[in-house]
Amino acid sequence: MEVIDHLIATDIGGRGVEKLYLKYKLKRPQYLSNAANILLSSERVLIVSDFPIPPSMTPETDGPPGALALALALTSLGKSATILTQDIVADALKDFYRDVITKFPNIEKYSCLVSIETPGRARDGKYYSFSGLEIRVRPYDELFLNASEKEIPTIGIGDGGNEIGMGNLELKGRYYSTVRTTELVIAGVSNWGAYGLVAELSIREGVNLLREFDEKSVVTSLVEAGLIDGITKKRESSVDGLPLGLHEKIISLLNEIIDIKIA
């Protein structure tokens, strides 16, 4: 639904996401529906989320909550969903979801791969933060490149231009990702992209898959485990420099949209 992709792409942080959204919306107006189609036709989904913030390379709070929300939604639909991330994130997510792994799996086990806020390599083969600092991160994007070769569908969710999937936009610049995915979802905050995709699945399936998701508890657990806000670089219960209350309002609006559409 267009109202959903408009909402999740709201550029409250003023980081230029609106330009990326409008560019891709013009190119592929049905991208959110396309992404939902991929998930609905997939039985086993691998969800990847891990964005270390330089210089400490501590993972951020954007990405893992969205990965969890999507995994829970897919499980509710009777599908198998596995989250791949690093140890510190996995330890926190396992309080909410069992199928979280840290070792790279055989992608041929999966019918779809999803990346939520995970760095994608730039033209020079390196990974860069939104501010242009080099990131030390495991080559998760290699899984997506391999998936493309094996014709396994992939989805990328991002908010800056440096994530897996942003290669679809063919952005010009040293720090932008060149890694393509079958479909791309652009959001003001990557978590919102995942929540919007859950909302789209909910409307298509006639059941609210987002209603029970408690983002505050998830983010609090992640921060307690050691994660930081990717913008402030502080260990605090916020995401991308925005307070949790704002994120909760986005989820509340998505829930209202879902409930109206499935009533």
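Values quoted throughout were computed directly from the atomic coordinates according to the rules given, and no laboratory measurement underlies them. What you see is a predicted model, and the numbers here were worked out from it, not measured in a lab. As a convention, Cβ positions derive from the backbone with ideal geometry for all residues, glycine included, and neighbour counts pool all protein chains shown.
Using a cutoff of 8 angstrom between alpha carbon atoms and counting only pairs six or more residues apart, the relative contact order for the chain works out to 24 percent. In this label model, ASN34 and GLU18 are separated by 2.4 nm, measuring between points 7 Å along each Cα→Cβ vector. Karplus-based coupling profile of segment 56-69, in residue order and whole Hz: 6, 6, 7, x, 9, 7, 8, x, x, x, x, 4, 5, 4, with θ = phi - 60° in 6.51 cos²θ - 1.76 cosθ + 1.60 and x standing for Gly or Pro.
Of all beta bridges DSSP finds with both residues in segment 115-263, what is the antiparallel percent, to the nearest 5? So the antiparallel bridges in segment 115-263 amount to around 40 percent. So what is the calculated 222 nm ellipticity per residue for the chain, using -39500 (n - 2.57) for each DSSP H run with n of 4 or more, over all residues, to the nearest 500 deg cm²/dmol? After summing the helix terms and dividing by the residues of the chain, the value is -12000 deg cm²/dmol. Pairs LYS25/LYS261; LYS23/LYS103; LYS79/LYS234: which are spaced more than 30 Å apart, C-alpha to C-alpha? The pairs that break the limit, which is 30 Å between Cα atoms, are LYS23/LYS103; LYS79/LYS234. Summarising the label geometry, the points placed 7 Å from Cα in the beta-carbon direction at GLU149 and THR232 lie 4.3 nm from one another. When the P(r) is computed for segment 2-258, the part past 25 Å accounts for 34% of the Cα-Cα pairs. Pairwise alpha-carbon distances in segment 7-67 exceed 14 Å for 73% of all pairs.
Exposure proxy for MET57, MET1: other Cβ atoms within 10 Å of each Cβ, ordered fewest to most, give MET57, MET1. A DSSP coil position with no more than 14 other Cβ atoms inside 10 Å describes the following trypsin sites (Lys or Arg not before Pro) in segment 25-120: LYS94, ARG98, LYS103. Annotation for segment 117-151: GluC sites (Glu not before Pro) lying in DSSP loop with at most 15 further Cβ atoms inside 10 Å of their Cβ are GLU151. Using the alpha-carbon positions of segment 61-175, Rg (one decimal) and Dmax (whole number) come out as 14.3, 42 Å. Of all lysines in the structure, those lying under 19 Å Cα to Cα from LYS27, and not within fewer than 8 positions of it along the same chain, are LYS19, LYS172.
Report the GluC sites (Glu not before Pro) located in segment 1-54 that are in a DSSP loop and have at most 13 other Cβ atoms inside 10 Å of their Cβ, or state none. Sites meeting the loop and neighbour criteria: GLU43.
Secondary structure note: in segment 2-258, about 25% of the DSSP beta bridges are antiparallel.
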